[in-house]
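**Q** Sharing a structure, written as structure tokens. Questions coming.
What follows is calculated from the coordinates using simple rules that are stated; it is not laboratory data. Computed from a predicted structure; not experimentally measured. Backbone-built Cβ (ideal geometry, glycine too); neighbour counts: all protein chains shown.
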Amino acid sequence: MIEENVQNLFKEVPEYNSYGENVIVVAAVKTRSVADINSAIAAGIKYIGDNHVQEFRDKYPFIEGNPQRHFIGRLQTNKIKYLLGKCDLYHSLDRFPLAEALSEKSASRGLVSEALIEINAGGEESKGGFSFEETEEAVGRICALPALRISGIMAMLPQSDDVNYLKELALRVRETYDGLKKTYGDFRYLSMGMSGDWKLCVECGSNMIRIGTAIFGERIYPQK
Ligand SMILES: *Cc1c(COP(=O)(O)O)cnc(C)c1O
């Protein structure tokens, strides 16, 4: 099942890839078992993304095949220490104090951490990230921090059935990314798209998608 889903995904992505860039598929592994994650890796997944620091730590030693490890969730400053040196890409720098703390803690360990800056494309209260208007200044300030390597932008589109609205937002994210790419030579990733909207996102210029449900099936959250 997982293997088939991964293969279908790898087959489908090129059909929507109008920008012709290499599109990276990050398996979003929150709540998934080590066995399921390793099945996805065996099927060809080379990047896995966690949301929860605890899960990242618990599963870290049991993941096979040496995939890149990304952190895609909202990160609390006091948990950075558990990811340092183990996380290959932090997707979601959604506020300046987090970027500052990541830089400081990375520097104290002699590391440079690679990260993306999050844009809150739909202006949603419930989501982190900078507004379109704030992004340029935020990128400037964050890129000036010494122990970070900022390699692009991450965005989550809102829930909506209005495809035209979503396309408009996705294209605006891509345009923002293209503008910043001219100034910041390390920019190469635009992380945008989940199971429900990745096709639209890849059509609009995303080159990194974060896929959970379409690989592993519906998520079942443990009873609280
Ligand atoms: C869970 C999650 C995803 C994947 O969601 P699906 O709809 O299951 O594909 C992608 N990005 C982030 C930040 C997530 O938390």
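**Q** What are the residues in the stretch 141-187 that are over 16 Å from the mean Cα position of the chain (by Cα) and of a type in the set (Gly, Ala, Ser), if any?
**A** ALA144, ALA147, SER160, GLY179, GLY185, listed by residue number.
**Q** Among all residue pairs at least 6 apart or on different chains, which show Cβ distances below 7 Å where the first residue, located in the stretch 67-95, is within 22 Å of MET208 (Cα to Cα) and the second is within 13 Å of the ligand (Cβ to nearest atom) and acidic (Asp, Glu)?
**A** These pairs meet every condition: PHE71/ASP50; ILE72/ASP50; GLY73/ASP50; ARG74/ASP94; SER92/GLU118; LEU93/GLU118; ASP94/GLU118.
**Q** Could I ask something else about it? Can you confirm whether the stretch 176-187 contains a residue that is within 30 Å of SER108 (Cβ to Cβ) and small (Gly, Ala, Ser)?
**A** For the stretch 176-187, residues within 30 Å of SER108 (Cβ to Cβ) and small (Gly, Ala, Ser): present.
**Q** Only residues that are more than 19 Å from LYS11 (Cβ to Cβ), more than 11 Å from the ligand (Cβ to nearest atom) and touching a residue at least 24 places away in the same chain (Cβ under 8 Å): list them for the stretch 184-220, please.
**A** Across the stretch 184-220, the qualifying residues are TYR184, ASP186, PHE187, ARG188, TYR189, LEU190, CYS204, GLY205, ILE220.
**Q** Restricting the search to the stretch 81-95, which residues are of a type in the set (Ser, Thr, Tyr) and more than 16 Å from the ligand (Cβ to nearest atom)?
**A** Keep residues of the stretch 81-95 that are of a type in the set (Ser, Thr, Tyr), which gives 82, 90, 92.
Scanning the stretch 81-95 gives a single hit, TYR82.
**Q** Same structure, new question: From ASN78, ASN5, which residue is more than 27 Å from PHE132 (Cβ to Cβ), over 19 Å from the mean Cα position of the chain (by Cα) and within 12 Å of the ligand (Cβ to nearest atom)? Walk me through how you get there before you give the answer.
**A** Values: ASN78 fails: within 12 Å of the ligand (Cβ to nearest atom).
Exactly one residue qualifies, and that residue is ASN5.
**Q** Only one of GLN159, GLN223 is away from the ligand (no atom under 16 Å from the Cβ), under 29 Å from ALA40 (Cβ atoms) and part of a loop (DSSP other than H, G, I, E, B). Can you tell me which? Working first, answer last.
**A** Values: GLN159 fails: away from the ligand (no atom under 16 Å from the Cβ).
Going through GLN159, GLN223 in turn, the sole match is GLN223.
**Q** What about TYR177, is it within 16 Å of the ligand (Cβ to nearest atom), among the hydroxyl-bearing types (Ser, Thr, Tyr) and within 18 Å of SER92 (Cα to Cα)? Quick ask: steps written out before the conclusion?
**A** On the way: within 16 Å of the ligand (Cβ to nearest atom): no; among the hydroxyl-bearing types (Ser, Thr, Tyr): yes; within 18 Å of SER92 (Cα to Cα): yes.
The answer is no for TYR177.
**Q** Could we say that GLU118 is within 19 Å of ARG210 (Cβ to Cβ), of a type in the set (Asp, Glu) and crowded, with 23+ Cβ neighbours inside 10 Å here?
**A** Working: within 19 Å of ARG210 (Cβ to Cβ): yes; of a type in the set (Asp, Glu): yes; crowded, with 23+ Cβ neighbours inside 10 Å: yes.
Judged against the criteria, GLU118 is a match.
**Q** If I filter the stretch 168-220 down to residues being outside any helix (DSSP H, G or I) and among the basic types (Lys, Arg), which single residue comes out as surrounded by the most Cβ atoms within 10 Å (Cβ to Cβ)? Full working, then the answer.
**A** Going through the stretch 168-220, the residues outside any helix (DSSP H, G or I) turn out to be 184-197, 204-212, 217-220.
Among the residues that remain, those that are also among the basic types (Lys, Arg) are: 188, 210, 219.
Values: ARG188: 14, ARG210: 27, ARG219: 11.
Checking each candidate, the answer is ARG210.
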